[in-house]
Amino acid sequence: MIALALNRLNHKEVPQLILKSLTEKALHSAEMGMYWAGESGYYWYQAPIETQALMIEAFDEIAQNPALVEELRIWLLKQKQTQDWRSSHATLEACYALLLRGTDLLADNPGVKISLGREKINSETLVDVNKEAGTGFFQLTWSGNEIKPEMGKITVSKSGQGVAWGAVYWQYFENLDKITMAKTPMKLEKKLFVEKNTPTGPVLEPISDDGLRISNHEKVKVGDKLKVRIILAVDRDLEFVHMKDMRASAFEPVSPSPDHLSQKGIGSGDGLSGYHYQDGLGYYQSTTDQATNFFFDFLPKGTYVFEYALRVNANGEYSNGIATIQCMYAPEFTAHSEGIRITVK
């Protein structure tokens with residue numbers, strides 16, 4: 001704000017020094033553009049959307065550097081991809097920066113060309129597809145015999161200015177225990193342990209991918225207490241995220257004890273739904289007959305570990321199911337763990 005004010009009053013030296021300092025402290029990413037590290041807060045100068053919009057205005061008006069302005073706009077668009085602009089003021093500032101600075105995002109067709117094997121798609125020549133006004137969004141689907149193996153090789157090119165992105169969804173049926181792990185900017189890993197009481201205290205014994213104990217390769221027994229551990233890694237801030245952890249039909253959540261109900265954090269009240277706090281992360285945990293659900297209003301980037309207890313109550317062979325996670329705001333950000341079979345004696 002100081003740089004903009006001095007520049008408009010024809011004091012040119014100090015604004016250039018301010019922008020030089022800001023440039024030296026900036027982070028650059030091919031995907032996320034140009035931005036600054038720091039957490040949002042309750043003070044007016046800690047509002048990330050308004051701050052980024054002001055940066056766009058400053059670098060456009062003072063530095064007159066189109067390349068940096070485009071990088072700054074990329075971050076603002078990518079932020080909107082996975083998060084909410086929380087106020088009308090933030091939305092106003094963001095739209096002002098995006099539409100009145102830099103290249104005209106609404107003027108031209110982006111010129112996106114997509115190749116899926118022999119299938120060729122050109123956004124400029126699409127006729128039978130309704131494209132959304134302003135954004136140019138379009139969607140194409142193939143089903144059944146239309147899907148060929150070579151369509152797994154995908155290339156994308158773009159001739160227009162500005163940023164564009166898309167996603168490919170492949171939907172198919174498979175046995176749960178044969179599913180392999182898949183990740184995007186989110187990665188999900190699920191592990192099972194048998195909890196054993198020893199003279200030195202409780203010990204967690206891992207269960208291998210073939211559903212047997214790693215230590216002695218024995219089967220899980222009825223009455224065993226299990227621990228489910230879910231490791232979630234995410235490389236950007238996300239909002240409105242749902243994580244679902246399925247479980248074998250022979251497993252039941254451990255009933256909450258008075259001690260559980262008085263605790264705060266991991267595993268508190270495993271059998272009851274409720275709000276939880278863990279390492280600065282707040283989420284709602286809901287237990288149903290077939291799965292445990294986790295709902296996040298806001299999921300900051302980082303790595304998180306979730307644990308809860310189960311009890312084995314029937315013998316046989318079961319599919320343990322998978323853990324899945326998806327951003328409801330941007331469904332292309334999704335991941336799931338691998339599935340295994342569990343044998344209970």
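The values are calculated or read from the model by the stated rules, or taken from the named source; none is laboratory data. Just so it is clear, the structure is predicted and the values come from calculations on it, not from any experiment. Cβ sites come from the backbone with ideal geometry, for glycine too, and all protein chains shown count toward neighbours.
Considering LEU68, LEU4, which residue is crowded, with 16+ Cβ neighbours inside 10 Å and either within 20 Å of ALA164 (Cβ to Cβ) or touching a residue at least 24 places away in the same chain (Cβ under 8 Å) (or both)?
Answer to the selection: LEU68.
MET55 passes all but one of (1) touching a residue at least 12 places away in the same chain (Cβ under 8 Å); (2) assigned to a helix (DSSP H, G or I); (3) within 22 Å of SER159 (Cα to Cα); which number fails?
If we test MET55 against (1) touching a residue at least 12 places away in the same chain (Cβ under 8 Å); (2) assigned to a helix (DSSP H, G or I); (3) within 22 Å of SER159 (Cα to Cα), just (3) comes out false.
If you go through region 38-46 one residue at a time, do you hit one that is in the same structural domain as MET151 (by TED's automatic domain parsing), outside any helix (DSSP H, G or I) and of a type in the set (Gly, Ala, Ser)?
Scanning region 38-46 turns up no residue that is in the same structural domain as MET151 (by TED's automatic domain parsing), outside any helix (DSSP H, G or I) and of a type in the set (Gly, Ala, Ser).
When you look at LYS153, is it of a type in the set (Lys, Arg) and either touching a residue at least 40 places away in the same chain (Cβ under 8 Å) or surrounded by 15 or more Cβ atoms within 10 Å (Cβ to Cβ) (or both), yes or no?
no
Select from region 198-247 the residues that are out of contact with any strand residue (DSSP E or B) (no Cβ under 9 Å at 6 or more places or on another chain) and in a strand (DSSP E or B) and list them in ascending order.
If the condition is that a residue be out of contact with any strand residue (DSSP E or B) (no Cβ under 9 Å at 6 or more places or on another chain) and in a strand (DSSP E or B), then THR198, GLY201 are the ones that fit.
Going by what's in this entry, would GLU50 be described as in a helix (DSSP H, G or I), within 20 Å of ALA94 (Cα to Cα), under 26 Å from the mean Cα position of the chain (by Cα) and in contact (Cβ under 8 Å) with a residue 24 or more places away in the chain?
yes
Tell me, yes or no, whether region 113-134 has at least one residue that is assigned to a helix (DSSP H, G or I) and loosely packed, with under 14 Cβ neighbours inside 10 Å.
Taking every residue of region 113-134 in turn, none turns out to be assigned to a helix (DSSP H, G or I) and loosely packed, with under 14 Cβ neighbours inside 10 Å.
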